[in-house]
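The values are calculated or read from the model by the stated rules, or taken from the named source; none is laboratory data. For clarity, every value in this text was computed on a predicted model and none was experimentally measured. Backbone-built Cβ (ideal geometry, glycine too); neighbour counts: all protein chains shown. Just so you know, the surface numbers come from the protein's heavy atoms only, side chains and all, with ligands and any DNA or RNA stripped out. Shrake-Rupley method; radii C 1.70, N 1.55, O 1.52, S 1.80 Å.
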Amino acid sequence: DIQMTQSPSSLSASVGDRVTITCRASQSISTYLNWYQQKPGRAPYLLIYAASSLQSGVPSRFSGSGSGTDFTLTISSLQAEDFATYFCQQSYSTPLTFGGGTKVEI
Amino acid sequence: QVQLVESGGGLVQPGRSLRLSCAASGFTLNSYVMHWVRQAPGKGLEWVAAISYDENYKYYPDSVKGRLTISRDISNKTLYLQLNSLRAEDTAVYYCARTIAVAGRGWFDHWGQGTLVTVSS
């Protein structure tokens, strides 16, 4: 199974900050890496697919990069509505696996 | 618009069974790969089952193989998850979600709101 490791597990930031979250795969997954946002009591929401493609309707302050084993989610200017938990997910092979999550707090 | 609505969760004793349902609307069920993903309270996400477009292939992680069974009814536009021999560690919110492919283009672009399964005596 491909293990996905996210860092940090949590971070504190302020509105307007630039935030970077990293995700590392235990083996190369090309660009088969997706990012989700989840707010308390809600289902996950797709932000970025295929490492760097912005899902329709997602604000352009979100961006993704990386390939192989190392990936990054960047929020260029953190907004109040961005305080949430973020998960990465590999779709290179089954079993599909997720990172442990990064909680972005005020 | 695309909607996925789960139901069937609840409190169940260890060793018992439960069947979850996911009603799909706004898209053609057999044009997508359908999945179940669960989340234990305060924990991360765990993929637990997928069914191919044509129902010919079903996928499970080793952690649930033999106890969970995914199926669907195209005429009723409903996805199911049968959970057998339930254990405390199966306690979670269960989400249904769709992707274009099982792997490769396997990003979950739509999710249901989830249904909570609590396994306890």
- Message: Given the whole protein assembly as supplied and a 1.4 Å probe, what does the accessible area of A:Ser77 come to in Å², nearest 10?
- Response: 40
- For peptide A:50-57, compute the average count of partner chain beta-carbon atoms within 10 Å of each residue's beta-carbon. 1
- Just going by the charge dipole of the protein assembly as shown, with Lys and Arg at +1 and Asp and Glu at -1 on Cβ, which of B:Trp111, B:Ala23, A:Ser63 is farthest out on the positive end? B:Ala23
- Residues of type lysines that B:Lys58 reaches as a straight line, Cα spacing below 22 Å, ignoring anything fewer than 8 places off in the same chain: B:Lys77
- Query: What do you reckon, how do A:Glu105, A:Glu81, B:Glu89 stack up by accessible area (1.4 Å probe), largest on top?
  - Reply: B:Glu89, A:Glu81, A:Glu105
- Specify the inter-centroid distance of region A:40-70 and region B:94-121, based on alpha-carbon positions, in whole Å. 17
- Given the options A:Gly64, A:Gly16, A:Gly41, which has the most mean-square fluctuation in a GNM of chain A, springs set between C-alpha atoms less than 10 angstrom apart? A:Gly41
- Query: Quick one: putting +1 on the C-beta of Lys and Arg, -1 on the C-beta of Asp and Glu, what dipole do you get for region B:1-78 around its Cα centre, in Debye to the nearest 20?
  - Reply: 240
- Based on Cα positions only, what radius of gyration and what Dmax would you give for chain B, in angstroms? 13.4, 41
- Here the Cα Rg-to-2.2 N^0.38 Å ratio for the protein assembly as shown is 1.00
- Query: Within the accessible area of chain A, what % is carbon and sulfur when the probe is 1.4 Å and the other protein chains stay in place?
  - Reply: 43
- Heavy-atom accessible surface that A and B bury in contact, both chains counted, 1.4 Å, Å² to 100: 1600
- Item | Estimated vicinal HN-Hα couplings, Hz - region A:59-71 in sequence order (Karplus 6.51, -1.76, 1.60; Gly, Pro = x) | x, 6, 5, 8, 8, x, 8, x, 6, x, 10, 10, 9
- Query: Other chains near A:87-100: what is the mean number of their Cβ atoms within 10 Å of each residue's Cβ?
  - Reply: 6
- Query: Which lysines have a Cα lying under 22 Å from the Cα of A:Lys39, excluding residues fewer than 8 positions away in the same chain?
  - Reply: A:Lys103, B:Lys43
- Descending semi-axes in Å of chain A, equivalent ellipsoid built from Cα gyration tensor: 22, 14, 13
- Item | Estimated dipole of region B:52-94 in Debye, rounded to 20 [Cβ of Lys and Arg +1, of Asp and Glu -1, Cα centre] | 60
- Item | Cβ-based charge dipole, region B:1-64, positive-most Cα from B:Val2, B:Trp36, B:Tyr53 | B:Trp36
- Message: Below 8 Å, C-alpha to C-alpha, sequence gap of six or more: please give me the relative contact order for region B:17-121 in percent.
- Response: 31
- Message: Quick check for you: with a 1.4 Å probe and neighbouring chains kept, what is the accessible area per residue of chain B, in Å²?
- Response: 45
- On average, how many beta carbons from a partner chain sit within 10 Å of the beta carbon of a residue in B:56-68? 1
